[in-house]
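Working notes for the structure below.
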Amino acid sequence: MPPTERVLDVREHDGEPFDTITDALDDLSDGDALRLVNSFEPVPLYGVLDSRGFTHETEQVDENEWHVRVEHAE
């Protein structure tokens, strides 16, 4: 089965989206990716990703739109 990329847009999430993001990471299969869409660069998340064995690539696509592509580290 080819890898998939799930998109999680938390820009209009009510409250703190951290639990929603970590739940999505828990559901992420090896070889698949999660694209997190946020209204700011989620710098505090990077340490959590590293400690949980994920890699990430961040891209600012607009003034208030950031995409973070997350995958399991190899």
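Evaluated against (1) without any contact (Cβ under 8 Å) to a residue 24 or more places away in the chain; (2) touching a Lys or Arg at 6+ places or on another chain (Cβ under 7 Å), residue 33 falls short on exactly one condition, (1).
The set of residues from segment 23-38 being modelled with pLDDT of 95 or more, surrounded by fewer than 16 Cβ atoms within 10 Å (Cβ to Cβ) and polar (S, T, N, Q) is empty. Does residue 3 satisfy being out of contact with any strand residue (DSSP E or B) (no Cβ under 6 Å at 6 or more places or on another chain), open to solvent by 50 Å² or more (accessible area, probe 1.4 Å), part of a loop (DSSP other than H, G, I, E, B) and not aromatic (Phe, Trp, Tyr)? Against the criterion (out of contact with any strand residue (DSSP E or B) (no Cβ under 6 Å at 6 or more places or on another chain), open to solvent by 50 Å² or more (accessible area, probe 1.4 Å), part of a loop (DSSP other than H, G, I, E, B) and not aromatic (Phe, Trp, Tyr)), residue 3 qualifies. Within the bounds of segment 51-73, is there any residue that is in contact with a helix residue (DSSP H, G or I) (Cβ under 8 Å, 6 or more places away or on another chain) and surrounded by fewer than 16 Cβ atoms within 10 Å (Cβ to Cβ)? Yes - at least one qualifying residue is present in segment 51-73. Every listed requirement among (1) part of a helix (DSSP H, G or I); (2) in contact with a Pro (Cβ under 6 Å, 6 or more places away or on another chain) is met by residue 31 save one, (1). Screening residue 11 on (1) touching a helix residue (DSSP H, G or I) at 6+ places or on another chain (Cβ under 9 Å); (2) among the basic types (Lys, Arg); (3) assigned to a loop (DSSP other than H, G, I, E, B) shows it passes everything except condition (1).
The values are calculated or read from the model by the stated rules, or taken from the named source; none is laboratory data. Computed from a predicted structure; not experimentally measured. For neighbour counting, all protein chains shown are included, and Cβ atoms are generated from backbone atoms with ideal geometry for every residue, glycine included. Heavy atoms of the whole protein, side chains included, go into the accessibility calculation; ligands, DNA and RNA do not. Shrake-Rupley method; radii C 1.70, N 1.55, O 1.52, S 1.80 Å.
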